[in-house]
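What follows is a set of notes on a single structure, which appears directly below.
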Amino acid sequence: MEKQDLLADYRTMVLIRSFEEHCQQQYTRARIGGFLHLYVGQEAVAVGAIGALKAQDHLVTHYRDHGHALARGLEPKPLMAELFGRSTGTGKGKGGSMHFADKNKNFWGGYAIVGAHLLLAMGIAYSIKYKREVLGEADQDGVVMCFFGDGATNGGEFYEAVSMAALYKLPIVFLCENNEFAMGTPLSVHTSVTEIHKKASPFMPGERVNGNDVEEMRARALHAVNHARTEGPYFLEAMTYRLRGHSAADPQMYRTRDDINARRSGDPIALLKQKLIDQNLLTEKQAKQIDKEVEKEMDAVVQFAEESPAPDLSEAWTEIYSKPL
Amino acid sequence: MPVITYSEALRQALREAMTNDPRVFIIGEDVVHYDSAYGVTKGFLKEFGPERIKDMPIAEAGYAGLGIGAAMNGLRPVVEMMTTNFAILALDMIINHAAKLHYMFGGQFTCPIVFRMPNGYGQLSATHSQAFDNYYAYMPGLKVVVPGTPYDAKGLMKAAIEDPDPVIFIEHTGIYNIKGEVPEESYTVPIGKSNLLHDGKDVTIVGYGRMIPYCQQAVETLASEGIDAALVDLRTIRPLDMEPVLESFRKTNRAVIATEEWTSVGVGSEIAARLYTEGFDHLDAPIWRVGFDEVPMPYAKNLEAHVVPNADSVIQAVKNVLAGKTQKIRQQ
Ligand SMILES: Cc1ncc(C[n+]2csc(CCOP(=O)(O)OP(=O)(O)O)c2C)c(N)n1
Ligand SMILES: [Mg+2]
């Protein structure tokens, strides 16, 4: 196994953060509409976990999908264009923030019905096994990684997914990002089992990990992915904290500014930066340089979105069916 | 030509698809060890082995999602929902996912899946005797077929499995045993094409699915009384092919719509609306709709028989139309 390139991970995390800050700005300017769920504060989960996947592996996620898409290597330009509702977007302007996707990267999309996509992920995992065992495609050894929030673990679809994934011993990693809130509802108010991984423990092994530590996240994700590839489903509960509102339009009545500030010490980017500086892998100056480069890249990303054409009105009527009626 | 049952016609189509394409597999509750609730896939375990046909846990959303995910990744699942009553537990999967995937990701993913589900009743009371045809027909992104003859059952099943988009395939427990001529060889019936089953000049009867055998009986009885009724079988309720209906209606100027569903806000309501909007100039009498009485289904045999439509309800509706009477839909 290749050694984790912490500096590269740092850069990706800074890129995600900067992408999100630009989204917020553009939302305020009304260039982005609808619901905009930012990933600020959770970057180490995506970068740590998705870095454990290989090209043939698969990723399915929820509506808070920007960080996952960028960590999987989707280009920021078509993502921003999608947010702007432009024809150059990943979904040609039909999906928006909650529905990023890139088939070529096995990024099967962001889904916005809480809990539902766990079943699609389970189905994709089933098809991998079917292709290997029934169709005789020996090279089918992909693993599906499925992201969701703590709030997604109370509904029936969650239990159907973990139960069936275990029944069929599917190659899937369930990755719950426990950011302590489901919209504005605190963890202890929405569930009695606040150690979320225990909800899946009758069905599969799992554990709670520090989702703000990209090294720990990577190490445990590698273990989980390896287990899924060779034995069956695995459950990861990544502890993290969202530093922005549930969506860009959230007045956050459920917590105070002090509450948030108290959690800034856990900011995964600050933590990693300090670690890299302590290990002499990064200087303040280099960090500033990275910020600058990323900032410049993001200016070009926003410009690309701005200059992209809106979809032609005829596009409203295309792709309802894959074979037009 | 061989005469076989509706159920055997479905079996032939499924067997053919399973034989020709290893990507096709069947999942559903009690499709294996119980030999399938209504016997359609009887014997398939022996023929195709346990990987090609699988008993699912009673988790409708769960195995609907399994099928959708597998379809997205290139397989061709046929998902048997035990009945339409239970299939509504999977509405999120079907409506929010199967129907939307292709569109909302800008055409990146396809979802070639077939959901089979029977309507029906038989002293099963309120939760086991329903019809939700309109739920699915309402939804852009889905195709909904409801065959009313063994010939169409086979041809539409073949077409549904070959179709690159999600298809809801609605069957009916009341007609699995009806018989009809079905060629042995392979054929498909195109999805989205209505069919003039019987030409006539006095009134156009429009129906689909379980109502077709009733409508055929009605046409015969009416003929013996000197009334020349036309019958159009919609076969598909999304996309809707109104042309054969309108063509007949332009000759008869009168219509009866026979669907086995609660009448208000049903598929029949849409047919009526289309006749009013697209056939307005040809309308000579109020349209009548035949359906369930708008009550939850009762258990007692006499009550149940009283509230479900049959051939007599169609005949009565035709006579009402010919007499120029106006229908009042009763909701309480
Ligand atoms: C089935 C369903 N119910 C409600 C919503 C509205 N909703 C969107 S996100 C959300 C909270 C989800 O919280 P969590 O799963 O913890 O994810 P997080 O937003 O914290 O990442 C709610 C209630 C929805 N999209 N889908
Ligand atoms: Mg949460």
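Tabulated data for the structure shown
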| read-out | value |
| --- | --- |
| Label-point separation, residue A:264 to residue B:326 (7 Å along Cα→Cβ), nm | 7.2 |
| Within segment A:81-146, chymotrypsin sites (Phe, Trp or Tyr not before Pro) in DSSP loop having at most 15 other beta-carbon neighbours inside 10 Å | none |
| Net charge over other residues, Cβ less than 13 angstrom from the Cβ of residue A:260 (K, R count +1; D, E count -1) | +1 |
| Computed label-point distance, nm, for sites residue A:293 and residue B:42 using a 7 Å Cα→Cβ extension | 7.0 |
| More than 25 Å apart - percent of Cα-Cα pairs taken over segment B:195-322 | 18 |
| Residue-by-residue Karplus 3J(HN,Hα) for segment A:222-234, coefficients 6.51, -1.76, 1.60, Hz, glycine and proline x | 4, 4, 5, 5, 5, 4, 5, 5, 9, 10, x, x, 9 |
| Length added when fully stretched, residue B:34-residue B:265, from 0.36 nm per residue minus Cα-Cα | 79.5 nm |
| Three principal axis lengths of segment B:39-99 [C-alpha, angstrom, descending] | 35, 28, 17 |
| Segment B:3-181: antiparallel DSSP beta bridges as a percent of all, rounded to 5 | 15 |
| Max mean-square fluctuation residue, GNM over chain A, Cα-Cα springs under 10 Å, options A:244, A:29, A:208 | A:29 |
| Convex hull projection area averaged over all views, segment A:171-325, Cα basis, nm² | 15.5 |
| Projected label distance in nm at residue B:3 and residue A:230, using a 7 Å step from Cα toward the beta-carbon | 6.4 |
| Computed Kirkwood radius, in angstrom, where 1/r is averaged over Cα pairs of segment A:230-280 | 13.9 |
| Alpha carbon Rg of chain A, scaled by the compact-globule rule 2.2 N^0.38 Å | 0.98 |
| Positive minus negative residues near residue B:126 (Lys, Arg vs Asp, Glu; Cβ under 14 Å) | -3 |
| Helical segments meeting 15 Å axial Cα length and Kyte-Doolittle 0.0 threshold in chain B (DSSP H) | B:60-72, B:211-224, B:267-278, B:311-322 |
| Rg over Rh [alpha-carbon atoms, Kirkwood Rh] for the protein assembly as shown | 1.04 |
| For chain A, calculated [θ]222 nm from helices alone, where every DSSP H run of n ≥ 4 adds -39500 (n - 2.57) | -13000 deg cm²/dmol |
| Expected 222 nm ellipticity per residue - DSSP helices of 4 or more, -39500 (n - 2.57), all of chain B, to 500 | -10000 deg cm²/dmol |
| Of all DSSP beta bridges in the protein assembly as shown, antiparallel share, percent nearest 5 | 15 |
| Estimated vicinal HN-Hα couplings, Hz - segment B:281-294 in sequence order (Karplus 6.51, -1.76, 1.60; Gly, Pro = x) | 5, 9, 7, 10, 8, x, 6, 10, 10, 10, x, 5, 5, 7 |
| Label zone at residue A:56 (point 7 Å along Cα-to-Cβ), backbone N below 17 Å, segment A:216-237 | A:225-232 |
| Cα-derived Rg to Rh of chain B, Kirkwood definition | 0.97 |
| Convex hull volume of segment B:1-144 per residue (C-alpha atoms, cubic angstrom) | 131 |
| Among B:98, B:218, B:285: highest mean-square fluctuation, GNM of chain B, C-alpha pairs under 10 Å | B:285 |
| Residues whose placed amide H lies under 5 Å from that of residue B:24, excluding near-sequence neighbours | B:76 |
| Surface/4 of the Cα convex hull for segment A:13-84, nm² | 4.7 |
| Under 15 Å, Cβ to Cβ, from residue B:224 - net charge with Lys/Arg +1 and Asp/Glu -1 | -4 |
| Efficiency of FRET between residue B:301 and residue B:127 - r from beta-carbon atoms, R0 22 angstrom, step 0.05 | 0.80 |
| GNM top mover of A:102, A:139, A:267 - chain A, alpha-carbon springs below 10 Å | A:139 |
| Calculated FRET efficiency for the pair residue B:21/residue A:312, C-beta based, R₀ 35 Å, to 0.05 | 0.45 |
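We did not get these values from a lab; they are worked out from the coordinates using the rules stated. Remember, it's a predicted structure, so these values are computed and weren't measured experimentally. Virtual Cβ from ideal backbone geometry, glycine too; neighbours counted across all protein chains shown.
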